[in-house]
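Quick notes on the structure that follows.
The values are calculated or read from the model by the stated rules, or taken from the named source; none is laboratory data. Note that the structure is a prediction, hence the values are computed from the model and not measured. Here Cβ is always computed from backbone atoms with ideal geometry, including for glycine, and neighbour counts include all displayed protein chains. In case anyone asks, the SASA skips ligands and DNA or RNA and just uses the protein heavy atoms, side chains included. Shrake-Rupley method; radii C 1.70, N 1.55, O 1.52, S 1.80 Å.
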Amino acid sequence: MTTSGDSGIPDGTATIRTGKRALVRRPVDILAEGQITHIDRVPIDLELARSQWEGYVAALQAEGWATLEVAPAPDQPDSVFIEDAVILFGGTAVVASPGAPSRRGETAAAEAAVRDLGLTVHRLESPGTLDGGDVLKVGRTVYVGQSLRTNADGAAQLAAIVKPLGYTVVPVPVTRALHLKTAITALPDGTIIGYPPLVDDPSLFERFLPVPEAEGTAVVILDENTLLMSAAAPQTAALLTGLGYRTVTVDITEFEKLEGCVTCLSVRVR
């Protein structure tokens, strides 16, 4: 694992330093072979993808987030989507059990990275499956998508791990998108945002705000006032700006061709 920046990582239980850091992972040469489920395959421009990844990392760093690179996985085309491999709850890391067999080689280096940070590590085990992209934390509530990649067993294992930490798992059906966070994410005040055609049941959420673009469903909270989001959703950016948020936009078109979004490309250590 290589490190960029010198701020540390906050936590009350693990022996780690203070600051803001995010795990990231470089796209590999075989990126174009990544899994797709709900969209048609189109050509990937690898050099553009690499440039966009660099821009994404630069945007995090510009907002005060030091980035830590997880070791690359040359034979894992989807490994750039580091969010799916590990989920963090303060000083506890949960290593995922990927729903796609072709992605199960992604977790070893992610586990090594969080162990290097001094986190307490739990592993989800087969036949349970769970991708990190199906996990949305809002306060002490953990929404877990029941998707093609995450099953009830995986969700139950996660619930057993996080309950002693004070979290409650709430299952959410996901049939219209790859992952839960393809369909919804949350604003700093806890409002759930989503693109209605991708959301199975908006009534599950106390506060739901529809957004006008599919690419606008995903935001990464950089601080209480700042959101990282796709440049492909200008109407959504305007909507969120109107609510008082500052939006930082990045081009990630090549990753969106693989059903990726801004949340998929990093894991914040908070």
Filter the trypsin sites (Lys or Arg not before Pro) in the range 136-244 down to the DSSP loop ones having no more than 15 other Cβ atoms within 10 Å, then list what survives. R140, R176, R207
Please sort through the DSSP H helices of the chain and keep those with an alpha-carbon extent of at least 18 Å along the long axis and a Kyte-Doolittle average not below -1.0. 46-62
Using only Cα positions of the range 25-162, each an equal point scatterer, no hydration layer, compute I(q)/I(0) via Debye at q = 0.09, 0.18, 0.21 Å⁻¹ and quote the log10 values to two decimals. -0.28, -1.12, -1.39
With all protein chains present, calculate the accessible area of H38 using a 1.4 Å probe and round the result to the nearest 10 Å². 80 Å²
Could you work out how much longer the chain between A62 and R115 gets when fully extended? Use 0.36 nm per residue separation minus the Cα distance between them, nm to one decimal. 16.5 nm
DSSP bridge pairs, the chain: antiparallel proportion in percent, nearest 5: 50 percent
Relative pair counts by distance (%), Cα atoms of the chain, 5 Å bins: 1, 6, 14, 19, 21, 19, 14, 6, 1, 0
As a test question: what accessible area, to the nearest 10 Å², does V86 have when a 1.4 Å probe is rolled over all protein chains in place? 0 Å²
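Per-residue ellipticity at 222 nm for the chain, helices alone: DSSP H runs ≥ 4 residues times -39500 (n - 2.57), over residue total, nearest 500 deg cm²/dmol?
On the way: 6 runs with 55 residues, N = 270.
Using -39500 (n - 2.57) per qualifying helix, the result is -6000 deg cm²/dmol.
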In what sequence, highest mean first, do 196-204, 257-265, 110-118 appear when ranked by Cβ atoms within 10 angstrom? 257-265, 110-118, 196-204
For the chain, the per residue accessible area (1.4 Å probe, Å²) is 40 Å²
Return the carbon/sulfur percentage of the accessible area of the range 172-251, one whole number, probe 1.4 Å, all protein chains in place. 52 percent
Enumerate the lysines that K257 could reach by cross-link, defined here as Cα to Cα under 19 Å, with residues fewer than 8 away along the same chain left out. K181
